[in-house]
Amino acid sequence: MRTAGAILGLFLLVVVFSDAFEVMLLPRRVRRKMRLVTYLLRSTWFVWSSAARRLRPGSRRDSFLSLYGPLSLLMLIGVWVSGLITAFGIISWGSSLDPARGIFNHLYFSGITFFTVGYGDLTPETPWAKIGAVVEAGSGLAFLATVIGYLPVLYQLFSRREIQVIMLDARAGSPPTATVLLTRHGHGESMAALQELLHEWESWFALVLESHLSYPMLSYYRSQHDNESWIAALAAIMDTCALILVGLHEVSTFQARVTFAAARLALMEVNRVLSLSPDVHAESRLTSSEFKEVKAELAAAGLALTDEENAEERLAEFRATYEPFLAGLADHLLLQVPGWVAPKLQLDNWQASPRGRSAKQLVESAPANPS
């Protein structure tokens, strides 16, 4: 019985340490599906999202969902710490380092040793028990120091992700759409700025790829505003790239190509790390009538399609390569994927405030090129 307990404790110790190492320190992606962090996020998110689905869509539901991201990190740390304390306690009990104590006392002693509390009511009696106490105390200090040191890194990655999402408000609306993004740059005679923006978003997709594979819980962190999200931003940029690749007069396709490639890689890898399947039965985001509206708005901004007859079919081919995966990810995270055309009376977040409409009129009245 004790031998089996010692083996179980060693196994648990290896599982927890390896999982913590892969999440916090390992700079490479982990292909193994059987991971403690994966099971924890999957099981707890199922319960949390099921409770959220019972709430009406709105600010209350979004506020409830926004709690899960930070809480998932705390739960993961709690599971790691509990696992290590239990593992050291079971190893001590199974190896009979202090035979006179029962398993409860071994677990209690493991806890006060891990946190280096040292009440003095229990002390190691044998040489091997003393060695084990020193090893556990050192492991506890090192583990807690590493976790605390990586918390600022995690929130810095989240902040860098959200900066780009917030900056998209004035360029593409809230929620962002590809049509608004293209027409605003078209009316502003600033297609060069659009190419620069796509280059910045290429770097953003690389950031998401690197950070969300290392820290899967970041996928569940939500934006400050309910009508913004990293999923909506991803969709708007991919839609924009798809439209440019279909063909717009005098608009270079190179940057759109590389940005689309980076975006799709990030999308596929996040789906893989969360073990998600594409939603092939998702409702179409762009009907034929909406496509005509998109085409008309682009033409009004001086961005006519190069091949209007085959443009819709060509765009559908591009959309089929990413929209099912986008829909599956959005459904899993309970986030909305924006359409291609913004509602007529929709205001940006910077406009939806006192005197916001006056500010909007003043900004829009400024000439695109005063010279």
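The values are calculated or read from the model by the stated rules, or taken from the named source; none is laboratory data. Small disclaimer: the values here were computed from a predicted structure and weren't measured. Note that each Cβ is placed from the backbone with ideal geometry, even for glycine, and that neighbours are counted across all protein chains shown. SASA here: full protein model, heavy atoms, side chains in, ligands and nucleic acids out. Shrake-Rupley method; radii C 1.70, N 1.55, O 1.52, S 1.80 Å.
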Would you check if residue 335 is in contact with a helix residue (DSSP H, G or I) (Cβ under 6 Å, 6 or more places away or on another chain) and either modelled with pLDDT of 80 or more or surrounded by fewer than 15 Cβ atoms within 10 Å (Cβ to Cβ) (or both)?
yes
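Taking the range 309-339, which residues are farther than 12 Å from residue 173 by Cβ, part of a loop (DSSP other than H, G, I, E, B) and within 24 Å of the chain's Cα centre (by Cα)?
Residues of the range 309-339 that are farther than 12 Å from residue 173 by Cβ, as a first pass: 309-337.
So of that shortlist, the ones also part of a loop (DSSP other than H, G, I, E, B) come out as 309-310, 321-322, 334-337.
Listed by number, the residues that qualify are 321, 322, 334, 335, 336, 337.
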Against the conditions (1) over 30 Å from residue 32 (Cβ atoms); (2) open to solvent by less than 40 Å² (accessible area, probe 1.4 Å), where does residue 192 fall short? Just the number, please.
(2)
Which of (1) open to solvent by 50 Å² or more (accessible area, probe 1.4 Å); (2) of a type outside the set (S, T, N, Q); (3) within 18 Å of the chain's Cα centre (by Cα) does residue 41 not meet, given it meets every other one?
(1)
Answer yes or no: is there a residue in the range 275-290 that is within 25 Å of residue 36 (Cβ to Cβ), open to solvent by less than 70 Å² (accessible area, probe 1.4 Å) and not β-branched (Val, Ile, Thr).
yes
Being under 23 Å from residue 31 (Cβ atoms), of a type in the set (A, V, I, L, M, F, W, C) and crowded, with 21+ Cβ neighbours inside 10 Å is the filter here; which residues of the range 202-233 pass it?
205, 208, 217, 218
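So, residue 243, is that one of a type outside the set (Lys, Arg) and crowded, with 17+ Cβ neighbours inside 10 Å or not?
On the way: of a type outside the set (Lys, Arg): yes; crowded, with 17+ Cβ neighbours inside 10 Å: yes.
Taking the combined requirement at face value, the residue satisfies it.
Each row is one residue, and each column tells you yes or no for (1) under 30 Å from residue 48 (Cα atoms); (2) in a helix (DSSP H, G or I).
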{"site": "75", "(1), (2)": "yes, yes"}
{"site": "91", "(1), (2)": "no, yes"}
{"site": "120", "(1), (2)": "no, no"}
{"site": "125", "(1), (2)": "no, no"}
{"site": "131", "(1), (2)": "no, yes"}
{"site": "139", "(1), (2)": "no, yes"}
{"site": "146", "(1), (2)": "yes, yes"}
{"site": "154", "(1), (2)": "yes, yes"}
Under 33 Å from the mean Cα position of the chain (by Cα) and part of a helix (DSSP H, G or I): does that describe residue 364?
no
For residue 333, work out the one condition from (1) over 28 Å from residue 49 (Cβ atoms); (2) touching a Phe, Trp or Tyr at 6+ places or on another chain (Cβ under 8 Å) it doesn't fulfil.
(1)
From 86, 146, 116, which residue is among the polar types (S, T, N, Q), at pLDDT below 85 and farther than 30 Å from residue 200 by Cβ?
116
Output the residues belonging to the range 119-137 that are more than 40 Å from the chain's Cα centre (by Cα) and open to solvent by 60 Å² or more (accessible area, probe 1.4 Å).
119, 121, 123, 125, 127, 128, 130, 131
Here the qualifying pairs (Cβ atoms under 9 Å; residues six or more apart or on different chains; first in the range 37-62 and in contact (Cβ under 8 Å) with a residue 12 or more places away in the chain and within 29 Å of residue 24 (Cβ to Cβ); second open to solvent by 30 Å² or more (accessible area, probe 1.4 Å) and of a type in the set (Ser, Thr, Tyr)) come out as 38/275; 42/275
Can you tell me which of (1) in contact with a Phe, Trp or Tyr (Cβ under 6 Å, 6 or more places away or on another chain); (2) loosely packed, with under 12 Cβ neighbours inside 10 Å; (3) not β-branched (Val, Ile, Thr) is the one residue 110 doesn't meet?
(2)
What pairs come up if the first residue lies in the range 121-147 and is farther than 25 Å from residue 20 by Cβ, the second is of a type in the set (A, V, I, L, M, F, W, C) and part of a helix (DSSP H, G or I), and their beta carbons are under 6 Å apart, counting only those six or more places apart or on different chains?
122/109; 124/133
Which pairs do you get when a residue that is farther than 24 Å from residue 227 by Cβ and touching a residue at least 12 places away in the same chain (Cβ under 8 Å), found in the range 176-204, comes within reach of a residue that is open to solvent by 40 Å² or more (accessible area, probe 1.4 Å) and of a type in the set (D, E, K, R), reach meaning Cβ atoms under 9 angstrom, with the pair 6+ apart or on two chains?
190/184; 191/250
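Based on this model, can you work out whether residue 79 counts as outside any loop (DSSP other than H, G, I, E, B), open to solvent by 50 Å² or more (accessible area, probe 1.4 Å) and out of contact with any strand residue (DSSP E or B) (no Cβ under 8 Å at 6 or more places or on another chain)? Please lay out each step first, then the result.
Working: outside any loop (DSSP other than H, G, I, E, B): yes; open to solvent by 50 Å² or more (accessible area, probe 1.4 Å): yes; out of contact with any strand residue (DSSP E or B) (no Cβ under 8 Å at 6 or more places or on another chain): yes.
So residue 79 fits the description; yes.
Of the residues that make up the range 46-66, is at least one farther than 18 Å from residue 219 by Cα, within 19 Å of the chain's Cα centre (by Cα) and loosely packed, with under 15 Cβ neighbours inside 10 Å? Give the derivation first.
Here is the first cut: in the range 46-66, the ones farther than 18 Å from residue 219 by Cα are 51, 53-60.
Pick out the ones that are also within 19 Å of the chain's Cα centre (by Cα) and you get none.
No, that holds for no residue.
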Return yes when residue 245 is within 24 Å of residue 212 (Cα to Cα), touching a residue at least 40 places away in the same chain (Cβ under 8 Å) and hydrophobic (A, V, I, L, M, F, W, C) and no when it is not.
no
